[in-house]
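K.L.:
So that we are looking at the same thing, I have put the structure below in structure tokens.
The values are calculated or read from the model by the stated rules, or taken from the named source; none is laboratory data. Predicted model only: the values in this text are computed from it and were never measured. Note: ideal-geometry Cβ built from the backbone for every residue, glycine included; neighbour counts use all protein chains shown.
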Amino acid sequence: MSEERPIVYVIDDDESVREGVADLVRSIGQQVQLFGSAKEFLDGTRPDAPGCIVLDVRLPGPSGLEVQRRLIKSNIQLPIIFISGHGDIPTSVCAIKSGAIEFLTKPLNEQQLLDAIQAGIARDRTRRKEAKVVAELQQRFDSLTPREREILTLVVSGHRNKHIAAQVELSEMTVKLHRSHIMQKMRASSLVDLVRMADQLGVSSKTS
């Protein structure tokens, strides 16, 4: 299935700003959803599609920074572009340090906003692709037996078969068989490939 069209979420209590950003987003062929408050956005559901958020700093109810904190806490990783009618340096520094990709002041420069939106969507696409790869690897890892997982961890840590056999109290031949099954189940073409997969899964840090 093809990937859904990206969505830009615009959260601003100023209707004229919302509509202005919406027109700009539609001009580059992207979908847009508009929200007049943080609560309206946080209470809603979002399609499984790449995107980014254009977020006003000052909002009725939870502020833009509070929205950012809640999204981080909920592990919602949509890139955020902050917009503000005030050149507040401490706020912009706080927003960027917390992961925002841009902090733009009103009146908005259309090209700067478009560039930020395109960068945000590109970043989210990359994140989603990487997450999909890791999810597929995790399924392969989950198909391993507990013994195979134990041996995989030792293999990617650089231990030789003889050392692994002694550590897990198996014959060297049995360890070789386990290694063969691990390579097949993980669909690894080489030891280097297996190490790369383990690194993506953080396997080496799961077991000593």
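K.L.:
Going through Ile117, Ile151, Ile121 one at a time, which residue ends up being farther than 30 Å from Arg5 by Cβ, assigned to a helix (DSSP H, G or I) and among the β-branched types (Val, Ile, Thr)?
P.N.:
Ile151
K.L.:
Would you pick out the residues in region 35-53 that are of a type outside the set (D, E, K, R) and closer than 19 Å to Asp124 by Cβ?
P.N.:
Across region 35-53, the qualifying residues are Phe35, Phe41, Leu42, Gly44, Thr45, Pro47, Ala49, Pro50, Gly51, Cys52, Ile53.
K.L.:
Related question: Search region 131-153 for residues being within 18 Å of the chain's Cα centre (by Cα) and under 11 Å from Leu201 (Cα atoms), and hand back the single one that is surrounded by the fewest Cβ atoms within 10 Å (Cβ to Cβ).
P.N.:
Ranking the qualifying residues of region 131-153, first place goes to Ala135.
K.L.:
Is it true that some residue in region 66-77 is farther than 21 Å from Asp48 by Cβ and either modelled with pLDDT under 90 or surrounded by fewer than 15 Cβ atoms within 10 Å (Cβ to Cβ) (or both)?
P.N.:
Yes; the residues of region 66-77 include at least one that is farther than 21 Å from Asp48 by Cβ and either modelled with pLDDT under 90 or surrounded by fewer than 15 Cβ atoms within 10 Å (Cβ to Cβ) (or both).
K.L.:
Something else: Residue pairs, Cβ under 8 Å, 6 or more apart or interchain, first in region 73-98 and within 18 Å of Ala38 (Cα to Cα) and assigned by TED's automatic domain parsing to the domain that holds Leu55, second among the β-branched types (Val, Ile, Thr) and surrounded by fewer than 16 Cβ atoms within 10 Å (Cβ to Cβ). List them.
P.N.:
Listed by first residue and then by second, the contacts come to Ser98/Ile72.
K.L.:
Against the definition (aliphatic (A, V, I, L, M) and within 27 Å of Lys97 (Cβ to Cβ)), how does Leu34 come out, yes or no?
P.N.:
So Leu34 fails the test.
K.L.:
Given region 1-101, what strands (runs of 3 or more DSSP E) lie entirely inside it while holding 3 or more residues that are closer than 17 Å to Leu113 by Cα and out of contact with any Leu (no Cβ under 6 Å at 6 or more places or on another chain)?
P.N.:
Qualifying strands (runs of 3 or more DSSP E): 7-11, 31-35, 51-56.
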